[in-house]
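What follows is a set of notes on a single structure, which appears directly below.
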Amino acid sequence: MKCKEASAVLIIRVGDAFCRSCFKEYFVHKFRAMLGKNRVVFPGEKVLLAYSGGPSSNAMVQQVQEGLSRDAPKKLRFIPGILFIDEGAVCNQSWEDRERTMSEIENILKATSFPFHILSLEQLFTLPQTMLQMNLAEIPKRDGSYKQAVGSFLGQQKAQAEDGVSDAADRLTQIHIADNSSVECSQSAAFSRPAAEHTAALRDMFNSAKTLTAKQELLHLLRNHLILHVARTHGYSKVMSGESCTRLAVRLLSNISLGRGAFLPLDTGFSDNRYGDVVIVRPMRDYSLKEISFYNRLFNVPSVFIPALDTKASGNSSIQHLSESFITKLQADFPSTVSTVYRTSEKLHVSRTDTTQPKNQQDKCLLCMCTLDTHTGPASAFFATQKSQQLSEKKSLKNVPSAKDSEKQCCNGGQCCKESASCTNSVTGTQDIVHLLCYSCRVTIKDLNSMDKLPSYILKEAEHRTRRMEMRKEIEEFLLDDHSEDI
Amino acid sequence: MVAPINLQLEFGGGAELLFDGVKKHHVTLPSQSDPWDIKHLLVWIKDNLLKERSELFIQGDTVRPGILVLVNDADWELMGELDYKLQDQDNIVFISTLHGG
């Protein structure tokens, strides 16, 4: 107990009890401290809050509101917008249920006075192919330090104030604009019922996944694509995602089990720069779900419960679910479990060799957009797994030599080489996509019954990249090596 | 013998799904020889309120890990957990923090 006056309402660590008002102070301070310490979000920057309707994202939105309020010390100075993605189709909810959820969400978001976007996951089918490409050119170059940026921002504000535009009026117009745009958003983009064929296609795609593990992973990947797309098209350079440390501890364990060990720093760290132009930050990663739930309960922060894929699922129905029950069970007996796992994740960094690799389009996984972890030597575990898989699948064993034979014949023939190349190009088969993926996404995709159900922007981009690779191979001997340029 | 006591039970974070989606319940616990504590209450909930899949709410003789319990808006860890002696008009809240409820 800090104040030693009021009666305690909750324990966070053993022997560390808080009263209501001390807890509020602690909670609010933690959020600002997180952003202040990491210095990633610059003043005046547009930030998209990825909002799921759950307790953590509601607490996050509430903290942003609090931080932007005028009387707050250490005021936050970015420009927020909120994105909600309705995933009802995947969980087989009826349109009526989804509509009800969305209007509940809309009511909460309207009350924030921030501009917001409500989308359905079906809009994946309207994404452009270019969305999976890195646009390195558009990465805003930040010259100077964070301190300078804050200084110049404050200077600008001051100049504005001197020009007679008072801060209050400025703020009012800002709110006014926010109000207008929120109305616009809710009227145009949101709530229009997605096309029935898109809903059907989405359901088809998820039904073609054989395991709940793959479904959950696929949903996570596709949701991220949609968030990235919204951020790019509306000019948000940061996305705030509300994962608590409990969720991140679970994700750490399940991602190791899913074969995403190489990307742990990106998947669980404070900032995730895999997309280049849009950076994901996780400001809630210092809070446990217990803290968040208590905060929401004690200070009446609303939240909407939306059934997910794993609602009412049994303990070992998916890797993610199993990791969660493992962590929560351990946590019940050993209260420092989550924090220990989470502190471990803080110490992880992407290895130097990965970051210095040329940021080539081909080197990124088509789905999760991480740097591929599959360029390993023949002595690696990855290669061994691949080999044993090939050997155990009799079908591919036969295919491999025959493909080699045909290649030889082709090359002998000379002319037919082009023909066969164009043939394989036009049909995007499983093989074509698989070699564009990281190890973990390969495993996920293997659990799908058919590739054709993936949204067309993925298939088209896969085809595009395959063609580029083949073209590169064809002209390889005429290319100057990257290394030779240095000499 | 103790007199019957009235309680308000609340379920949140998805736990309400196991109770027909009803979040707030006003219940009266019958009189019994020992005073009511939370351990007894959980058994009573399991027998009288839970509609399905009791293992998603109660495991062993306590709540499933990941479900928070609040007694009159305070952490039950401060109140003696399972041994807390229920009083008339107490408000007990169960919040699931698990993904998907």
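The values are calculated or read from the model by the stated rules, or taken from the named source; none is laboratory data. Keep in mind the model is a prediction, meaning the values are calculated, not measured. Cβ placement follows ideal geometry from the backbone for every residue including glycine, while neighbour counts extend to all protein chains displayed. Keep in mind that these areas ignore ligands, DNA and RNA; they rest on the heavy atoms of the full protein, side chains included. Shrake-Rupley method; radii C 1.70, N 1.55, O 1.52, S 1.80 Å.
Annotations
- Label-point separation, A:Asp277 to A:Gln156 (7 Å along Cα→Cβ), nm: 2.0
- Partner shielding of B:87-100 amounts to 5, given as the average count of beta-carbon atoms from other chains within 10 Å of each residue beta-carbon.
- At least 30 Å² accessible surface lost relative to isolated chain, residues of the stretch B:9-26 (1.4 Å probe): B:Leu17
- Shielding of A:243-255 by partner chains, average beta-carbon count, 10 Å: 1
- Heavy atoms of the protein chains alone define the surface here; on that basis the stretch B:5-96 has 44 Å² accessible area per residue at 1.4 Å probe size.
- Cβ-based charge dipole, the stretch A:47-121, positive-most Cα from A:Ser120, A:Cys91, A:Gly67: A:Gly67
- Pair A:Glu5, A:Ser388: separation of 7 Å Cα→Cβ label points (nm): 6.5
- Placing +1 on each Lys and Arg Cβ and -1 on each Asp and Glu Cβ, with no other charges, gives the stretch B:5-96 a dipole about its Cα centre of roughly 300 debye.
- Burial here means at least 40 square angstrom less accessible surface with every protein chain in place than with the chain by itself, probed at 1.4 Å; in the stretch A:306-320 the buried residues are A:Lys312.
- Projected-area average for the stretch A:35-94 over all orientations - Cα convex hull basis, square nanometres: 5.3
- Mean partner shielding of peptide B:69-78, defined as the number of other chain Cβ atoms within 10 Å of each residue Cβ, is 5.
- Distance between modelled label sites at B:Glu52 and B:Met1, nm, 7 Å Cα→Cβ extension: 4.0
- Taking each residue as 0.36 nm, the span from A:Ser456 to A:Thr376 lengthens on full extension beyond its C-alpha to C-alpha distance by 25.8 nm.
- Prolate/oblate/rounded call for the stretch B:5-96, Cα gyration tensor, a/c under 1.5 rounded: rounded
- For the chain pair A and B, the buried solvent-accessible surface (1.4 Å probe, both sides summed) amounts to about 2200 Å².
- Computed over protein heavy atoms with a 1.4 Å probe, the carbon and sulfur contribution to the accessible area of the stretch B:5-96 reaches 45%.
- Modelled FRET efficiency - R0 30 Å, A:Ser145 with A:Lys110, Cβ distances, 0.05 increments: 0.20
- Restraint check, B:Lys24/B:Lys85; A:Lys215/A:Lys364; A:Lys75/A:Lys147; B:Lys24/B:Lys51, Cα-Cα greater than 18 Å: B:Lys24/B:Lys85; A:Lys215/A:Lys364
- Packing here is the average count of other Cβ atoms within 10 Å per residue, and on that basis the peptides A:249-256, A:199-206, highest first, run A:249-256, A:199-206.
- Per-peptide average of other Cβ atoms within 10 Å, ordering A:209-221, A:374-386, B:14-26, A:45-57 highest first: A:45-57, A:209-221, B:14-26, A:374-386
- Förster radius 51 Å - calculated FRET efficiency between A:Asp71 and A:Arg468, Cβ distance, rounded to 0.05: 0.40
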